[in-house]
Amino acid sequence: MATVKIVYGSTTGATEAAAQQLAALLGAEAIPVAAADAGSFEADLLLLGSSTWGYGELQDDWASGIALLDAVDLTGRKVAVFGTGDSVGFADTFANALGILADKAVERGATLVGQVPADGYAAKDSLAVRDGRFVGLALDDTNEAEQTPGRLAAWAEQLRAAL
Ligand SMILES: Cc1cc2nc3c(=O)[nH]c(=O)nc-3n(C[C@H](O)[C@H](O)[C@H](O)COP(=O)(O)O)c2cc1C
């Protein structure tokens, strides 16, 4: 059976909740990035999650995670990224962290899967939007919490098809 792992960083619990729901939907292991080691990134499908903080930056715990990723070869691995943000309060940097994680994964040799059309989102001016698509699953529990369960379920289906 294909292994799926989720490594995530979350300050107030929103991305953690998403990670746990994805873990249940995909039969995956969810690992807080602060507790990750190099082996945490070894999977057939690897999900990387981060909320966006500061002004368009990765969640703090990812500082150690990026150092780990810099030493990991993701060649031939499928990687998908997800995270929560605030598309009203931070319209220009909404879910930027997804873009940062996606770029890092590709730099380490991964194939990115799980891109999502930006049509359903108000904020499209983000580092995480490329050619009209978010590089992964952007969630906004601040303004669009009612959409989160449906977005998670649809994305899990999309990822299952990519496996
Ligand atoms: C000081 C501060 C800065 C933030 N900066 C951004 C940002 O640049 N882009 C964004 O999309 N969300 C931003 N947010 C919103 C958070 O990403 C959002 O609340 C998220 O759900 C937190 O997820 P977490 O609980 O998993 O850390 C910011 C929130 C705060 C309080």
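Any read-out appearing in this document is the output of simple, stated calculations on the displayed coordinates, not a laboratory observation. Small disclaimer: the values here were computed from a predicted structure and weren't measured. Note that each Cβ is placed from the backbone with ideal geometry, even for glycine, and that neighbours are counted across all protein chains shown.
Cross-link partners of LYS5 among aspartates and glutamates, defined as those whose alpha carbon lies under 15 angstrom from its own and excluding same-chain residues fewer than eight positions apart: GLU16, GLU29, ASP37, GLU42, ASP44. Of the residues LEU163, LEU45, the one with the fewest other Cβ atoms within 10 Å heads the list, and the complete ranking is LEU163, LEU45. When each of ASP44, ASP70 is scored by the number of other beta-carbon atoms lying within 10 Å, the sequence from fewest to most is ASP70, ASP44. Here is the P(r) of segment 1-46: all C-alpha pair distances, binned every 10 Å from 0, give 30, 56, 14, 0 in whole percents. Helix-derived [θ] at 222 nm for the chain: sum -39500 (n - 2.57) over DSSP H runs of at least 4, divide by residue count, nearest 500? Calculated mean residue ellipticity at 222 nm is -9000 deg cm²/dmol. Listed by Cβ neighbour count within 10 Å, with the fewest neighbours leading, TYR121, TYR8, TYR55 appear as TYR55, TYR121, TYR8. Can you tally the net charge around ALA102? Count Lys and Arg as +1, Asp and Glu as -1, for every other residue whose Cβ sits under 15 Å from the Cβ of ALA102. For residues surrounding ALA102, the net value is +2.
Evaluated on the chain, the Kirkwood hydrodynamic radius is 15.1 Å, with distances taken between all distinct Cα atoms. Projecting the Cα atoms of ALA123, GLY109, TRP62 onto the charge dipole of the chain, computed from C-beta unit charges around the Cα centre, puts GLY109 farthest toward the positive end.
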